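Read through the structure below, which is laid out as structure tokens, and then see the notes.
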Amino acid sequence: MIDDSARPGGSEDFIAALNAFYVSCNRPPYRKLAELSEQLSDLYGKRGLPVLSATAVFEVLAGRRKRLPSSAWVASFILCCQRRAWETGVLPVDPGIEALPSWQARLRAAHGPPAPRRGDRSSAACETAVPGGRAPSVPGARTPPDAETDPAVPLRLTPSHRAAIADYGEHGRELLDRAPTGEPDAVYRIAVLIGTDPARVPEAAALLIEAAAGGHPGALDLLDAGSGDLDHRHAAAHAYRLGEAAARTGSPATALAYYRAAVQGGRLDAAFKITEILQDAGTEAPASWLAPAGDHRNTEPPPHNT
């Protein structure tokens, strides 16, 4: 057994240890960990532990967070991984909360002075919780698709998706040309356009996960905005910001596409932007561009959960 309290500090070492532990638990699906985290108080009597989101787990393991996770987050993650490992037969018993003190000591050490670089950071597997666990050869539960060793995965859109995006004109067709390569920014933008339709939120969420896996910050932010559950109003807020950015750079056709999507998601202030652009062009906006989908007329997204 490792004396974890004596381990050298360093955030990289700690993230590598979390990854090694995750691998030794047989890489439980992020969504499954999120589901288990909702049951922790019933399973272990530990109240006040945060509910995990699939996106946050990905970001932490991939080292994309600027700061180390909180002690409560680490406790949730460890308990959920152990529980899933026990449920799937990877562990003969669930160690439960017994493993938490060593992980909290490791986290405290990680907040201390950086440790000297070592040749093999991946040796920090969590033998305390999962005997015989193997460390990953490369830290990170998933290597982003833009890495040299893992090219982008081509994106396959359904005919319905393609028709919906093509309806946004020249910019929509441009996105459809870029999407087959799996380019994260194109996938993110397509997800935003689709996600402002309340009826297509699950489809947009699946696309956002693909973009997030490629490290796109907008996709990660949009997924996290609803604690893992995409909301069409959050998508509308992103569409509005994309429209504003396009307008500032002198791309009115692109701005129109995103303002239209923002209106669909309930951002009625985007309708004024559409009217202004088309008035300058000497045309009028079709009525369908100025009406939100269904009765979703909120002009502001729900609060961002942090």
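Every read-out reported here was derived from the displayed coordinates using simple, explicitly stated rules and does not represent laboratory data. Since we're looking at a predicted model, the values are computed, not measured. Note that we place each Cβ from the backbone using ideal geometry, even for glycine, and neighbour counts take in every protein chain shown.
Tabulated results
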| quantity | calculated |
| --- | --- |
| Spin-label pair ASN26/SER70, simplified geometry with 7 Å Cα→Cβ offset, distance in nm | 3.2 nm |
| Ranked by how many other beta carbons lie within 10 Å on average, peptides 264-274, 56-66, 11-21 from highest | 11-21, 264-274, 56-66 |
| Extension gain, ARG248 back to SER41 (0.36 nm per residue minus Cα-Cα distance, nm) | 69.6 nm |
| Separation between Cα centres of region 242-283 and region 59-102, rounded to whole Å | 45 Å |
| Gyration tensor verdict on region 4-123 (Cα atoms; rounded if a/c is under 1.5, prolate if a/b is larger than b/c, oblate otherwise) | prolate |
| Point-to-point label distance, ASP177-ALA206, nm (Cα→Cβ direction, 7 Å offset) | 2.7 nm |
| Relative intensity, log₁₀ I(q)/I(0), of region 159-290 from a Debye sum that treats every alpha carbon as a point, q = 0.14 Å⁻¹ | -0.55 |
